[in-house]
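Enquirer: Here it is, the structure in full.
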Amino acid sequence: MPPSAQRDSAATAGAPASAAAPSGGVQSLERAFDLLERMADAGGEVGLSELSGSSGLPLPTIHRLMRTLVSCGYVRQHPNRRYALGPRLIRLGESSSRLLGTWARPHLARLVEETGETANMALLDGDEVVYVAQVPSRHSMRMFTEVGRRVLPHATGVGKVLLADTPAEEVRAVLARTGMPAATERTITTPEGFLEALEQVREAGYAMDDNEQELGVRCIAVAVPNSPTAAAISISGPAGRVTEAATDKFVPLLQEVAEQLSKALATTTGG
């Protein structure tokens, strides 16, 4: 069941907040995490009426849950009475990102073994792409893809993959906030050009960064399907080795490893 459907099925307005959930867990906890996810989906800040409309829960129930989340530091209330995700979530997010990278490394190691190139895993964090895991190639070449490095999505293969299924108006909003600076002479610098590139990604099932973030470096990226958070994996290397012929060989391998990683994350996270 998709996450949104799971959330909606859990939002039964008539049951008391302390009742047992259909999953056998504690309903109030499920509802609290559901509200946090809905807040994230809404951009991180919402009003009680918005949460009530999207979740189907009555206002008194939402108010009680939000008051508890505020007292724990996971939500904060602004003077205008709207609620925003709280700073205490940052620590949880950082820890979970490190774990995600740890779980990904064996799969990235396989990519390095079979391609000879550096393998990476990246997530979309706000409007930026952040690299959370990497297994370096045996070849000595320092590249921009380093763990912890943040880049703008318009100039990277992983950024294209992570935004490929995002509605065009939302993509335009991201690009308006970040700008589209040219990292190299090959960087896409117009929203129209980037949206055209995303259409190509949807058709092909993978994305390419062809000297767009760093001259002399090409990257091939695919999405990790059904990941608990939007994630992509890629291989990157010198343009002289990551050729068109190599791309035809690397893409099926990347897609296979992405499927295996997806299954591993589902098992690890209890999905």
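The values are calculated or read from the model by the stated rules, or taken from the named source; none is laboratory data. Just so you know, these numbers come straight off a predicted model, no measurement behind them. With ideal geometry, Cβ positions are generated from the backbone for all residues, glycine too; neighbour counts draw on all protein chains shown.
Rundown of residues vs (1) buried (at least 20 other Cβ atoms within 10 Å of the Cβ); (2) more than 16 Å from SER234 (Cα to Cα); (3) of a type in the set (Gly, Ala, Ser), yes/no style:
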residue	(1), (2), (3)
GLU128	no, yes, no
VAL132	yes, no, no
VAL147	no, no, no
HIS154	yes, no, no
LYS160	yes, no, no
LEU163	yes, no, no
GLU169	no, yes, no
GLU199	no, yes, no
ALA207	yes, no, yes
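Enquirer: All but one of (1) farther than 30 Å from GLN260 by Cβ; (2) aromatic (Phe, Trp, Tyr); (3) surrounded by fewer than 19 Cβ atoms within 10 Å (Cβ to Cβ) hold for TYR74; which doesn't?
Expert: (3) is the only condition that TYR74 fails.
Enquirer: Sticking with this structure for a sec: Would you please name the residue that is nearest to ALA197 (Cα to Cα), looking only at residues in the range 134-145 that are modelled with pLDDT under 80 and surrounded by 19 or more Cβ atoms within 10 Å (Cβ to Cβ)?
Expert: By that ranking, first place goes to THR145.
Enquirer: OK, next. Looking at (1) over 20 Å from GLU196 (Cβ atoms); (2) touching a Gly at 6+ places or on another chain (Cβ under 8 Å); (3) of a type outside the set (D, E, K, R), which is the one condition that is false for ILE220?
Expert: The one condition ILE220 does not meet is (1).
Enquirer: In addition: What's the number of the only condition in (1) surrounded by 20 or more Cβ atoms within 10 Å (Cβ to Cβ); (2) not assigned by TED's automatic domain parsing to the domain that holds ALA223 that HIS63 fails to meet?
Expert: Against the list (1) surrounded by 20 or more Cβ atoms within 10 Å (Cβ to Cβ); (2) not assigned by TED's automatic domain parsing to the domain that holds ALA223, HIS63 comes up short only on (1).
Enquirer: Sticking with this structure for a sec: Inside the range 86-122, can you point out the residues that are at pLDDT 85 or above and either assigned to a strand (DSSP E or B) or over 11 Å from LEU261 (Cβ atoms) (or both)? Working first, answer last.
Expert: Initially, the range 86-122 is screened for residues at pLDDT 85 or above, giving 104-122.
Result: ALA109, VAL112, GLU113, GLU114, THR115, GLY116, GLU117, THR118, ALA119, ASN120, MET121, ALA122.
Enquirer: Consider GLY56 carefully, then state whether it is at positive phi and modelled with pLDDT of 85 or more.
Expert: Judged against the criteria, GLY56 is a match.
Enquirer: Restricting the search to the range 230-271, which residues are among the hydroxyl-bearing types (Ser, Thr, Tyr), surrounded by 15 or more Cβ atoms within 10 Å (Cβ to Cβ) and under 19 Å from the mean Cα position of the chain (by Cα)?
Expert: Listed by number, the residues that qualify are SER234, SER262.
Enquirer: Could you please find all residues in the range 24-47 being of a type in the set (A, V, I, L, M), at pLDDT 85 or above and surrounded by fewer than 16 Cβ atoms within 10 Å (Cβ to Cβ)?
Expert: Once the filter is applied, which keeps residues that are of a type in the set (A, V, I, L, M), at pLDDT 85 or above and surrounded by fewer than 16 Cβ atoms within 10 Å (Cβ to Cβ), the range 24-47 yields only LEU29.
Enquirer: Would you confirm, using the coordinates I've provided, whether GLU203 is closer than 15 Å to VAL222 by Cα, modelled with pLDDT of 95 or more and either not aromatic (Phe, Trp, Tyr) or not assigned by TED's automatic domain parsing to the domain that holds ALA239 (or both)?
Expert: When the stated conditions are applied, GLU203 passes them.
Enquirer: Return only the number of the condition from (1) farther than 21 Å from ALA230 by Cβ; (2) among the small types (Gly, Ala, Ser); (3) surrounded by 15 or more Cβ atoms within 10 Å (Cβ to Cβ); (4) at pLDDT 85 or above that ALA21 does not satisfy.
Expert: (4)
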